Amino acid sequence: MDNKASLAAPSERVIILLMVLVQFINMVDYMMVMPLGPDFAKALSIPVDEAGFIGGVYTFAAACMALLLANRLDRVDRRLALLCCLAGLAISTFLATLATGFYSLIATRIAAGLFGGPAASLAMAIVIDHVPDERRGKAMALLMSAFPTAAVIGVPLGLELAHWFNWQAPFYLVSISTLFVMMLIFWVLPPQSAHLAAARKTPPFKMTTALTDPIMRQGLNITGTAICASFLFIPHLSPYIQFNLGYPREEIGTLYMIGGLATYIIMHVTGRLVDRLGPVSITWLAAAGSLTIIFTGFMPPAVWPVMVTFAGFMACNAMRNVAVQTTNSRIPAPQQRAGYMAAQSAVRHLVSGFAVAISTLILTTNETGALEHMTNVAWLSVILTIMLPWQVSRLHRSLTLRKQQQAEKRALAT
């Protein structure tokens, strides 16, 4: 009897680890495509300059599906919805191995984005459902650590498999791993439908709610500010480090691995600090670190060694993202969580694309390959970095006031 009860009600840690697996699979599926571009180009006769679209369509599809499903995700059992999304991700990833050219591969990656985007939002909502506010920072850090883990372990493994066998091998591995995670969720995780009872009293999430509710608008604003500040730099880090700072090409892989490890460690430390000190203090600390790195690493002359600049940028970015995500997790009511997370995901994808476009328009390349006008990009990021702590502080005050008002209503009702 006890065993049945324990299976029916897994611990908070088990639920978090299951959702970390979901996020890890999702991140590997998304991230491994970009470095495999040359393999696609060679095997499928795809022009090298078009291979970048294969990764970009995933992001676009994930953003579109997040917008389409935001009004629906809170109306169903979260476990059932997650299993459906993972099944779609496994099938679309497997179908990529059957691609015979550019357009068939693009189609399968669009399908993967359509299923992968909602899966990430549902995983986030399930964790928020089960973790109270006082431990939310640590939980968000664990969930978000899927990204650096995928960068350090998943992507290199996929590249090695492609080198040992063929470009399809990483896709086989991801699709099989997704099926394995689905079985774990089916056996271990009970139905996730508690939010449906709350939805009978209060309407579930609607996109119009995100636009009219001032607290939700603030939450989406801080997400957009944080993402934009980061993605002004992220797509240009490798060429900037190589051609502006003179870092050798053959050591770039090691640099990214160290950056991923630094991100992983900082995320876990930050999660605990957020629970102890609050996200506002951590956002100010991350802003101070980011400004230091920007002024000393991205505005000439560079002061620090490349390793310090790169690892520092990744670490401060991780610290900022954990604080922002923890704050956002406290905004939606139970019956609005999956929808709000989907809206946040759409904002994240759309703003990252906007930031890449803006920075690409500003930057130019000289005859040596070095990027010019990086100082202009850096100043844009400085403005956004300074704005973010003020935005988080304002949102925190709004959340505190709302909590007080809800407590007063409950007291009057009793």
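The values are calculated or read from the model by the stated rules, or taken from the named source; none is laboratory data. These numbers were taken from a predicted model, which means no experiment stands behind them. Using ideal geometry, Cβ is built from the backbone for each residue, glycine included, and neighbour counts are taken over all protein chains shown. SASA here: full protein model, heavy atoms, side chains in, ligands and nucleic acids out. Shrake-Rupley method; radii C 1.70, N 1.55, O 1.52, S 1.80 Å.
Restricting the search to the range 101-128, which residues are open to solvent by less than 10 Å² (accessible area, probe 1.4 Å) and over 21 Å from residue 46 (Cα atoms)?
Within the range 101-128, the first condition is being open to solvent by less than 10 Å² (accessible area, probe 1.4 Å), and the residues that meet it are 105, 109, 112-113, 116-119, 121-123, 125-128.
116, 117, 118, 119, 121, 122, 123, 125, 126, 127, 128, listed by residue number.
Figure legend. Inter-residue proximity from the range 63-81: first residues surrounded by fewer than 23 Cβ atoms within 10 Å (Cβ to Cβ), second residues of a type in the set (Val, Ile, Thr), beta-carbon distance below 9 Å, spacing 6+ or different chains. Indicated pairs: 63/347; 71/208; 79/126; 79/185.
Listed residues 60, 94, 115; which is touching a Cys at 6+ places or on another chain (Cβ under 7 Å), farther than 30 Å from residue 275 by Cβ and among the hydrophobic types (A, V, I, L, M, F, W, C)?
Details: 60 fails: touching a Cys at 6+ places or on another chain (Cβ under 7 Å); 94 fails: touching a Cys at 6+ places or on another chain (Cβ under 7 Å).
Unique residue meeting the criteria: 115.
If the condition is being out of contact with any Lys or Arg (no Cβ under 9 Å at 6 or more places or on another chain) and not in a helix (DSSP H, G or I), then the range 202-243 contributes 202, 203, 206, 213, 232, 233.
Say whether the condition of being surrounded by fewer than 17 Cβ atoms within 10 Å (Cβ to Cβ), touching a residue at least 12 places away in the same chain (Cβ under 8 Å) and in a loop (DSSP other than H, G, I, E, B) is met by at least one residue in the range 307-314. There is no residue in the range 307-314 that is surrounded by fewer than 17 Cβ atoms within 10 Å (Cβ to Cβ), touching a residue at least 12 places away in the same chain (Cβ under 8 Å) and in a loop (DSSP other than H, G, I, E, B). Taking the criterion of being crowded, with 20+ Cβ neighbours inside 10 Å and at pLDDT 90 or above, the only residue of the range 142-172 that qualifies is 171. Within the range 355-409, the set of residues being within 24 Å of the chain's Cα centre (by Cα), surrounded by fewer than 16 Cβ atoms within 10 Å (Cβ to Cβ) and of a type in the set (Val, Ile, Thr) comprises 358, 360, 383, 386. Here residue 40 fulfils each of the conditions (1) of a type in the set (Phe, Trp, Tyr); (2) free of Cβ contacts under 8 Å to residues at least 60 places away in the same chain; (3) open to solvent by less than 20 Å² (accessible area, probe 1.4 Å) apart from (2). Screening the candidates 338, 355 for the property of being in a helix (DSSP H, G or I), under 30 Å from residue 206 (Cβ atoms) and touching a Cys at 6+ places or on another chain (Cβ under 8 Å) yields one hit, 355. Scanning the range 351-383 for residues that are modelled with pLDDT under 90, over 17 Å from residue 230 (Cβ atoms) and hydroxyl-bearing (Ser, Thr, Tyr) turns up 364, 365, 368.
Is it the case, given these coordinates, that residue 290 is open to solvent by less than 30 Å² (accessible area, probe 1.4 Å), polar (S, T, N, Q) and modelled with pLDDT of 90 or more?
Details: open to solvent by less than 30 Å² (accessible area, probe 1.4 Å): yes; polar (S, T, N, Q): yes; modelled with pLDDT of 90 or more: yes.
So residue 290 passes the test.
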